[in-house]
1. Please tell me if Val183 is at pLDDT 95 or above, under 30 Å from Val294 (Cβ atoms) and exposed (fewer than 15 other Cβ atoms within 10 Å of the Cβ).
2. I need the full set of residues from the range 297-330 which are under 30 Å from Trp194 (Cα atoms) and of a type in the set (A, V, I, L, M, F, W, C), in order please.
3. Of everything in the range 277-320, what is of a type outside the set (Ser, Thr, Tyr), over 15 Å from Glu216 (Cβ atoms) and out of contact with any His (no Cβ under 9 Å at 6 or more places or on another chain)? Give them in sequence order.
4. If Ala137 satisfies every condition in (1) under 33 Å from the mean Cα position of the chain (by Cα); (2) aliphatic (A, V, I, L, M); (3) closer than 19 Å to Thr33 by Cβ but one, which is the exception?
5. For the range 142-155, does any single residue satisfy the condition of being surrounded by fewer than 22 Cβ atoms within 10 Å (Cβ to Cβ), at pLDDT 95 or above and of a type in the set (D, E, K, R)?
6. Would you say Glu243 is part of a loop (DSSP other than H, G, I, E, B) and either at pLDDT below 95 or not basic (Lys, Arg) (or both)?
7. I'm trying to understand the selection: among the residues of the range 195-224, which are over 24 Å from the mean Cα position of the chain (by Cα) and within 21 Å of Asp310 (Cα to Cα)?
8. Of Ser244, Ser316, which residue is within 28 Å of the chain's Cα centre (by Cα) and within 26 Å of Met201 (Cα to Cα)?
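The values are calculated or read from the model by the stated rules, or taken from the named source; none is laboratory data. Every value quoted in this text rests on a predicted model; they were computed, and no experiment measured them. Here Cβ is always computed from backbone atoms with ideal geometry, including for glycine, and neighbour counts include all displayed protein chains.
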Amino acid sequence: MKRTRIILFAVLILCLAAAGVGLWFYRYATTPTGTSETTAVVWIKPGQGFFEATAQLQKAGLVKHPEKFRWLAYLKGDERRIRAGEYELSASMSPRAILDTLVRGEAILHKVVVPEGDTVCKIGESLERVGLVSQEAFLKAAADPALIDALGLEGDTMEGYLFPETYHFSRDVTAEQVINKMVAQFRSVFTQAWKDRARDMGFTIHEVVTLASIVEKETARPDERPHIAAVFLNRLKRHMRLESDPTVIYGMKNFDGNITRKDLKDLTPYNTYRIKGLPPGPIANPGRDSIEAVLYPSEKSHLYFVSKNDGSHHFSRTFSEHNKMVRRYQLRRW
């Protein structure tokens, strides 16, 4: 009997001790390191070990007792579950809240805006400017034949298929991941109905995107895009050259802001003053409205247009009318 009481007493002591340790550890896990709301940015790199990550958190003043923090992770089974990324944390967060944030992967996302008509080169500049991916790495990935083939795209680059949109990427994103997301966005926009429409018009998706990119670069006015598209489609039907300045510019190695007569005469794959039909691929990444304008153009029979120097264009059916408008809106400037 006495022995039984001793055993029960020992068990009670152990339970109380365990409860005390549990309470002490609970207080550690739920008590913030400090009261400051000032945030610190910590970048957990891919492949980085938990020990090294804990040291980073301690150096940033977010974790006061790294040993306890590691034990907390071990007890929760989270030591191998933290995700790489750039995190904005503060000392006012409890150790458990910090650990949960790392496990959930609630990293900082950087906004990248891709406007309609941006080229692959311009997108690369934007990514490099916000410190995500270098322009060189992006251009290399965008011209990678293996990646182009894996995504089932035509052409020598991703030009035309990086859909204009506002994106959010984490710091550790790769060029390939950026491209995959932009192409996925393109595919979500280019619906089956659009594919059927392109087929009915006798065009491939690549041809539609190519023409849409030219429409995109020719005008910034949504109301004009169906008319611009109609002009080019009418010219294609009549086997006329497109004669689009933006295509010439795209094919120039060093464009300084001016197109000369020599530039219009140079034979390049993109000089639509010299070649017949469409250029080999898109000259930019068109938005939804420009693609839709090509698929559903206006029914006008115009064959020409000229800038009125106010952002709009005058459309003509005949070459003589077009020449009059050129003299009115262009030649009088000189």
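1. On the way: at pLDDT 95 or above: yes; under 30 Å from Val294 (Cβ atoms): yes; exposed (fewer than 15 other Cβ atoms within 10 Å of the Cβ): no.
Answer is no for this residue.
2. Those that are under 30 Å from Trp194 (Cα atoms) and of a type in the set (A, V, I, L, M, F, W, C): Leu303, Phe305, Val306, Phe315.
3. Pro280, Glu299, Asn309, Asp310, Phe319
4. Every listed condition holds for Ala137 apart from (3).
5. The answer is yes, given that some residue of the range 142-155 is surrounded by fewer than 22 Cβ atoms within 10 Å (Cβ to Cβ), at pLDDT 95 or above and of a type in the set (D, E, K, R).
6. When the stated conditions are applied, Glu243 passes them.
7. Asp223, Glu224
8. The conditions single out Ser244.
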